[in-house]
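Step one of this worksheet: look at the structure below.
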Amino acid sequence: MSRLAIFLLTACLGLPVLAADAIKGERQETFGDITVHYSTFNSTFLQPEIAKGTELIRSKNQGVINISVLKDGKPQMAQVSGAVKDLTSASIPLSFRQITEKGAIYYIAQYPVPQQENRTFDITVKTGSSTNSFSFNQELFPGQ
């Protein structure tokens with residue numbers, strides 16, 4: 001009985017750590033009047049016509065990171081750079097491209113997803129004379 005109690009206590013105490021990224025569901029960072037929204041996903045989630053239009057490769061082994069920068073709630077042009085690191089700290093630079101659509105500006109880059117693993121994304125956003133950086137972790141899965 002005491003093993004079950006220890007297991008349940010450990011599970012309850014560990015849940016906040018596991019859910020920390022889920023709780024931060026908005027996936028954004030705020031730097032003064034600049035808000036940076038970000039998301040990552042497997043490129044197979046893209047519809048074929050969207051992938052073609054944005055020149056992205058749809059593959060079960062390719063991920064996409066999407067960044068948008070807002071100033072006072074309006075799309076803002078920026079210089080976005082970054083890298084993604086695996087558990088061995090091997091770093092892959094991210095090559096962001098700006099996509100401009102009616103009323104929106106966003107930055108996309110692709111990266112390999114060879115296997116299920118946790119990755120760390122280090123992102124730098126430069127707007128005007130201001131440069132801001134942030135990091136986040138994401139568990140990645142190859143697509144189907």
- Query: Listing SER89, SER130 from the residue with the fewest other Cβ atoms within 10 Å to the one with the most, what is the order?
  - Reply: SER89, SER130
- Query: Within straight cross-link reach of LYS102, meaning Cα distance under 21 Å, which lysines are found once same-chain residues fewer than 8 apart are removed?
  - Reply: LYS52, LYS71, LYS74
- Please work out the Cα center distance from the range 105-127 to the range 33-58, rounded to the nearest Å. 11
- Positive minus negative residues near ILE123 (Lys, Arg vs Asp, Glu; Cβ under 14 Å): +2
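Only loop residues by DSSP count here, and only those with at most 13 other Cβ atoms within 10 Å; note down the GluC sites (Glu not before Pro) in the range 29-109 that meet that.
GLU55
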- Say a paramagnetic label sat at a point 7 Å from the Cα of THR100, along Cα to Cβ; which residues of the range 76-91 have their backbone N under 20 Å from it? 76-81
- Using 0.36 nm per residue, how much length does the chain from GLN116 to SER129 gain when fully extended, once their Cα-Cα distance is taken away? 0.9 nm
- Query: Near LYS85, which lysines are there with a Cα under 23 Å away, not counting those fewer than 8 places off in the same chain?
  - Reply: LYS24, LYS60, LYS126
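Quick note: the coordinates plus some simple rules give every number you see, no bench work behind them. Note that the coordinates shown come from a computational prediction; the quantities given were computed from them, not determined experimentally. Cβ coordinates were reconstructed from backbone atoms using ideal geometry, including for glycine residues, and neighbour counts include every protein chain displayed.
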